[in-house]
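The values are calculated or read from the model by the stated rules, or taken from the named source; none is laboratory data. The structure displayed is predicted, hence computed values, not measured ones. Cβ sites come from the backbone with ideal geometry, for glycine too, and all protein chains shown count toward neighbours.
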Amino acid sequence: MDNVNEEMLTTKQVAEILNSSEQTVLSRFGSYPGVIDISEPTVTRRGKRPYHVLRIPRHVFNRNLHDHKV
């Protein structure tokens, strides 16, 4: 599969599609295979949770939806 030009979704975009919060998207996709985490692991905010930045390839999003169908 040619993934070079594949659409990459942000957590905000996925949250809007799924009608959920960005925190829910982070929980659901944070460790899902194929999701790209572009967070800075060394950057910490005193007293705060780590800041995560995910990019979710469209095919990974679709696979996750298929895997979680009820």
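Taking the criterion of being hydrophobic (A, V, I, L, M, F, W, C) and at pLDDT 75 or above, the residues of segment 40-64 that qualify are V53, L54, I56, V60, F61.
Among the residues of segment 1-20, those that are part of a loop (DSSP other than H, G, I, E, B) and closer than 17 Å to L65 by Cβ comprise E6, E7, T10, N19, S20. Looking only at segment 14-31, filter to residues that are in contact with a Phe, Trp or Tyr (Cβ under 9 Å, 6 or more places away or on another chain) and surrounded by 13 or more Cβ atoms within 10 Å (Cβ to Cβ); which one of those is modelled with the lowest pLDDT? Here the residue is F29.
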